[in-house]
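Below: one structure, written as structure tokens.
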Amino acid sequence: MNDTRLPLDLSVIVVSWNTRQLLADCLRSVYDSANDLALEILVVDNASRDGSAEMVRDMFPSVHLVQNGANVGFARANNQALMLAAGRHVMLLNSDTVVLSGALQTLVEFMDAHADAGACGPRLLNADGTLQPSCHPDLTAWREFWRLTFLDRLWHRASYSMERWPVDTPCRVEVIKGACLVLRRSALDAVGLLDERYFVYTEEMDLCHRLAHAGWALYWVPEAQIIHYGGSSTSQVADEMYLQLYRSKAQYQRKFWGERGARRYELAIRLAYAPRWLIAQLPGLGSATWRRRARLYGRVLSEHYGELE
């Protein structure tokens, strides 16, 4: 943090990878919703090939642009900006989001009014205005098995019943998704930056875990609303990112619960994915989609069997 700069209410950090138009819409929405906040925007571009960095330089000259020569991953790119940020609070914001009117002010005012809050997040909406899950319980092997076997649709254990939550009352939660995560700078300084051993996925869950362990509360603030389109960067390499998701989750389990916790998680993956892989082999399910799924399920099982050997 640069102490020579005037104190700011909020530093908004956006990591970009080949989402030029979405990034432009996101940045425009941040400026439009800034109101009276003392605010800065930092964009870290991970070697986009679609002119994203050039667009930021041309259309948003007041944005602090960091242009990487390679894709260094989501956690490391955010950390680059976090080390430059001057705000009392910092917001990690996906490039495929649109900030709706008043959201930034609401989130900053909430953090200022709740000294126990280490982080908060808004109500995320899909493009059609429907509710998008934006927080969830901490990851355990049992919860992951429950989710992957679709039992969570019957009885919420791996997710929250957010559709039943009041839209005018903040709720304390365990994990806030990284599409939009507001952090108190002093809390971040106390627990440390994002763990760069995660290339993508789960780094925000790791940070939320560390904040909670240090005694900070995390809140969902539904009065603040942000549209999140979702998957715009990762969909460009969808299969590899699907595998990376489970690698990151296994890494998370190993970090906080050791080899025993990692083995429990790997067992949950095996039990959940083996039936999927077997079903995908059945005769008559020979479409290209099913063949692709079978290969992907096989790769998931192969990776996680290997971890146990």
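The values are calculated or read from the model by the stated rules, or taken from the named source; none is laboratory data. As the structure is a computational prediction, the values presented were derived from the model and not from experiment. We place every Cβ from the backbone using ideal geometry, glycine too, and count neighbours over all the protein chains shown. Note: areas computed on protein heavy atoms with side chains; ligands, DNA, RNA excluded. Shrake-Rupley method; radii C 1.70, N 1.55, O 1.52, S 1.80 Å.
Residues in the stretch 11-23 that are surrounded by fewer than 22 Cβ atoms within 10 Å (Cβ to Cβ) and in contact with a Phe, Trp or Tyr (Cβ under 8 Å, 6 or more places away or on another chain): LEU22 alone.
To keep it simple, each residue is scored yes or no on (1) of a type outside the set (A, V, I, L, M, F, W, C); (2) open to solvent by 10 Å² or more (accessible area, probe 1.4 Å); (3) outside any strand (DSSP E or B).
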site: VAL30; (1), (2), (3): no, no, yes
site: ILE41; (1), (2), (3): no, no, no
site: VAL72; (1), (2), (3): no, yes, yes
site: HIS89; (1), (2), (3): yes, no, no
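Helices (runs of 4 or more DSSP H) fully within the stretch 109-228 that include at least 1 residues being at pLDDT 95 or above, open to solvent by 10 Å² or more (accessible area, probe 1.4 Å) and under 17 Å from LEU245 (Cβ atoms): 141-148, 203-213. It is to be established whether one or more residues within the stretch 45-54 are in contact with a Phe, Trp or Tyr (Cβ under 7 Å, 6 or more places away or on another chain) and either touching a residue at least 60 places away in the same chain (Cβ under 8 Å) or in a loop (DSSP other than H, G, I, E, B) (or both). There is at least one residue in the stretch 45-54 that is in contact with a Phe, Trp or Tyr (Cβ under 7 Å, 6 or more places away or on another chain) and either touching a residue at least 60 places away in the same chain (Cβ under 8 Å) or in a loop (DSSP other than H, G, I, E, B) (or both). Looking at the stretch 248-299 only, could you name the residues that are under 23 Å from TRP142 (Cβ atoms), surrounded by 15 or more Cβ atoms within 10 Å (Cβ to Cβ) and at pLDDT below 85? Once the filter is applied, which keeps residues that are under 23 Å from TRP142 (Cβ atoms), surrounded by 15 or more Cβ atoms within 10 Å (Cβ to Cβ) and at pLDDT below 85, the stretch 248-299 yields ARG276, TRP277, TYR297.
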